[in-house]
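Chemist: Let me give you the structure first, and then I'll get to my questions.
The values are calculated or read from the model by the stated rules, or taken from the named source; none is laboratory data. Note that the structure is predicted; figures quoted are calculated from it, not measured. The protein model used for the area step is the full one, side chains on, heavy atoms only, and it has no ligands, DNA or RNA in it. Shrake-Rupley method; radii C 1.70, N 1.55, O 1.52, S 1.80 Å.
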Amino acid sequence: MDKTESTVRNILTAVEAPLYDIGVLSDRGMLPGLDSIPAAAVLDRLSLLKYRNVRGSHIYIRPSGEHRFTVLDDLNEATLARLAADGFNPCAVVETSAGNFQAWLKHPAAFPKLIGTFAAQTLAGRYDADPSAADWRRFGRLPGFTNCKPKYRKRDGLFPFVRLNSNSGEQYPMAEVFVQEITKLYEEREQEREERLIKASLSPHRGPRLSNLSLERFRTSAKYQDRPAAADIAFCVAAYANGMTEDRIERALEDDYLSRDPRTSKRAAYIRRTMEKARRWAER
């Protein structure tokens, strides 16, 4: 077993996932056909990756699909120390160039995509990581290969290797606490965002006139794509702001009720909750 294979095996163990995406990036773009492959297939393709790397391609890796990891990019030794001191010990640390690191954090379970990105952005902000690299689908450099950015070319024409500095594979100590925190922060942000959108677009001065106000217009709006419940609330806010009677608002919701559940009690409860939320927003 050569050193590259040993290093790749170690990172695959530390960042363990059912499937991986391998990125092989050259000036012609990303090499296709290396997505959603198991660890064994990654190892089987090491000869191809070496061949491409020697010819100037950058070699990357990430778990495929939604996963339980966050990679923070462009860290220094002081930041790594802060991470550890705060209970965010990485499951793997990759030195991409001299004194420059990527840290992989292992969460208790896979994050949904939007929360995964929010978690990455939040951590990047706290620990001075590259914000443009904070995303749930972010690649990390695959250690065992060279970093062939032109600025790192040495006098002898060779490039430095990307090194695996640590690979405990362990979940960071603050994982459970952080998941609770980030989930709450994300939900609060989304609620505030929803309120701002409704206030900005549905004020009495700029909202649609009563004569052409309809629930269908809100349901089909791009603003509320795949969010019919939010569209219902927005319709009610606009209706209240423009003087529509509660009977008409309730009838509109009744005539175009979202759920297929036939129970009248559930329908009445949904309509009541929606109108109460809208009334509070309209009165602000």
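Chemist: Would you calculate, for the chain, the mean residue ellipticity at 222 nm contributed by helices, counting each DSSP H stretch of 4 or more residues as -39,500 (n - 2.57) and dividing by all residues, to the nearest 500? Each step should come with its number before you reach the end.
Modeler: Values: 10 runs with 125 residues, N = 284.
When only DSSP H runs of four or more count, the value is -14000 deg cm²/dmol.
Chemist: Determine how large the accessible area of residue 138 is when every protein chain is in place; take a 1.4 Å probe and give Å² rounded to the nearest 10.
Modeler: Around 90 Å² of this residue is reachable by solvent.
Chemist: Could I ask something else about it? If you average the sequence gap of Cα pairs under 8 Å that are 6 or more apart and divide by the length of segment 35-136, what percent do you get for the contact order?
Modeler: After rounding, I find 29 percent.
Chemist: I would also like to ask the following. Round to a whole angstrom and tell me the spacing of the C-alpha centers of segment 146-191 and segment 96-139.
Modeler: Going from one Cα centre to the other spans 6 Å.
Chemist: Let me ask something else about it. Scan (1) 22.3; (2) 19.3; (3) 22.8 for the value of Kirkwood radius over Cα pairs in Å calculated from this model and give just the label.
Modeler: It is the value labelled (1).
Chemist: Which of 27, 86, 255 moves most in a GNM of the chain, Cα contacts under 10 Å?
Modeler: The residue that fluctuates most here is 255.
Chemist: Still on this structure, please answer the following. List the relative contact order of the chain as a percent without decimals, with contacts defined as Cα pairs under 8 Å and 6+ residues apart. Don't skip to the answer; put the middle values down first.
Modeler: On the way: 433 pairs, mean separation 46.4, N = 284.
Answer for the chain is 16 percent.
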